[in-house]
Amino acid sequence: MTQLDDYLTELGRDLVALRDAGLLRRLRLPRGIDFVSNDYLGLADDPRLREAMREALRTTPVGSGGSRLLRGHHALFERLEERLADFCQAEAALLFATGYAANVGLLQTLVGRDDLVLSDERNHASLIDGIRLSGAHKVLYRHNDLGALEAALALPREGRAFVVTESVFSMDGDLAPLPDLVALAEGHEALVIVDEAHATGLYGSRGSGRVEELGLRARVLATVHTGGKALGSAGAWVAGPAALRDVLINRARPFVFSTAPLPALAAALEAALDVIAAEPARRSEVHRKAALLRGALHRSGLPAPGESPIIPVIVGGNTAALTLQERLEAVGFDVRAIRPPTVPPGTARLRVTTRYPVSDADLVRFAAEVGRILADCAA
Ligand SMILES: Cc1ncc(COP(=O)(O)O)c(C=O)c1O
């Protein structure tokens, strides 16, 4: 057996182990009514975003041709970043290709080896990876538990302390207690970084997120916002002080060493900002629909925790979550089982998202089907 055969056999064994544990992932094409994507406002298919991209493509190259520090910078990015800063009421904003890149770049740049990072235990993988790359000492505090955070803030430290949290948790749909968290961090001279991936477009009178909604902008170091979720296209940006933007331009490795996004992305994001400004009712509708879906799931006997458009239907076992996914697909709904390591072991779930384009009737029908299938499986 060659080295290569040997290694491929080992990979094959790994896949079999994943399958046996109910943890094998396969790519599946979208099918059925969308109860899974992060396209909360229904902008991914909006004609205004399409048209903005088409128009940009008429006058700009398709590809950016290099990183922003080389020839990949473009007037469209400059204009967009000014608008993004204004949207977030921050001094400055810097666009990254993805939220993953933004989080990794931000944390790896700002946090030094001697610093202490206090990270909510349910933070997204991109935050975890950014903290890892920083080389700093990390303490995970119990999810949304301010007592645990306070205890961690009291730990001895050599450098600075950073508190890192999502504002709307991506797998649980609950909200970080931001005002108290920020006050606690201030009391312990710690800096706060907030990932607004699932809040951007959905919270605040301008729609930029929960930091804006709660009036906390001047008290946090940076926020991270994604363009691929409620804004309907792709990319992400960091919002914060101008000096922070300049440091990221110089030091954030995913920014410096990666090709800039397509210039036309900036046009799509600007069009999304226009829709968000012109149609605030879209986001209030999403919240109304989320309350309706939660109520309907409750009536089907499910706890449906959380407070945001993300509703976890926790079934526990990996195989049970897959079965529920398949049976819902058979009656026309697209939902996906979320399993460890994305969520803690024993908490496999459907992560159900509430979206503007889904009708009230479909929300009610979905909740009834979930209740019926789970009752059927329990019988
Ligand atoms: C909380 C959170 N942060 C960051 C990201 C990464 O964003 P992107 O998908 O743009 O890389 C995600 C995406 O799932 C997320 O849920």
Review point. Taking a probe of 1.4 angstrom, what is the accessible area of Y356 in Å², to the nearest 10?
Key: 80
**Study point:** J(HN,Hα) series, segment 105-115, from Karplus relation 6.51 cos²θ - 1.76 cosθ + 1.60, nearest Hz, glycine and proline x
**Key:** x, 5, 5, 5, 7, 7, 9, x, 4, 8, 7
Check your understanding: Averaged over all directions, how much area does the convex hull of the C-alpha atoms of segment 234-379 cover when projected, in nm²?
Key -> 12.0
Check your understanding: Which percentage, to the nearest 5, of the DSSP beta bridges contained in the chain is antiparallel?
Key -> 45
Check your understanding: Which value results for Rg/Rh of segment 99-223 when Rg is the Cα radius of gyration and Rh the Kirkwood radius based on the inverse mean 1/r?
Key -> 0.93
Check your understanding: R0 = 51 Å: FRET efficiency of L155 with L18, Cβ-based, nearest 0.05?
Key -> 0.90
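Which value in deg cm²/dmol, rounded to the nearest 500, describes the helix-derived mean residue ellipticity at 222 nm for the chain, given -39,500 (n - 2.57) per DSSP H run of n ≥ 4 and division by the residue count?
-14000 deg cm²/dmol
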Review point. With each pseudo-label sitting 7 Å past Cα toward Cβ, what's the L8-R365 distance in nm, one decimal?
Key: 4.6
**Study point:** Protection-proxy order for peptides 258-267, 82-91, 122-131, each taking the mean of Cβ atoms within 10 Å per residue, highest first
**Key:** 258-267, 122-131, 82-91
Check your understanding: Between R288 and T59, what length in nm is gained on full extension when 0.36 nm per residue of separation is reduced by their alpha carbon distance?
Key -> 78.4 nm
Practice item. Could you provide, to the nearest whole Å², the per residue accessible area of the chain with probe 1.4 Å? Key: 45
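With both bridge residues required to lie in segment 111-225, what share of the DSSP beta bridges run antiparallel, to the nearest 5%?
5
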Check your understanding: At a probe radius of 1.4 Å, what is the per-residue accessible area of E212, in Å² to the nearest 10?
Key -> 30
**Study point:** Surface share of carbon and sulfur [accessible, 1.4 angstrom probe, percent] for segment 53-209
**Key:** 51
Study note, to complete from the structure: Check: C-alpha center segment 104-181 vs C-alpha center segment 294-339, spacing in Å is 29
Review point. How far apart, in nm, are the 7 Å Cα→Cβ label points at S205 and A330?
Key: 5.1
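Taking the radius of gyration and the Kirkwood hydrodynamic radius from Cα positions alone, what is the Rg/Rh ratio for the chain, to two decimal places?
Using Cα coordinates only, the ratio equals 0.98.
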Point to revise | Amide proton proximity set for F333, modelled H, under 5 Å, gap of 5+ | key: I33
Exercise for review: Taking every pair of alpha-carbon atoms in segment 250-319, give the share separated by more than 21 Å as a whole percent.
Suggested key: 58
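The values are calculated or read from the model by the stated rules, or taken from the named source; none is laboratory data. Everything numeric in this text was worked out from a predicted model, so none of it was measured. Don't worry about glycine lacking a Cβ; one is built from the backbone with ideal geometry, like all the others, and counts go over all protein chains shown. Please note that ligands, DNA and RNA were not included when accessible areas were found on the heavy atoms of the full protein model with its side chains. Shrake-Rupley method; radii C 1.70, N 1.55, O 1.52, S 1.80 Å.
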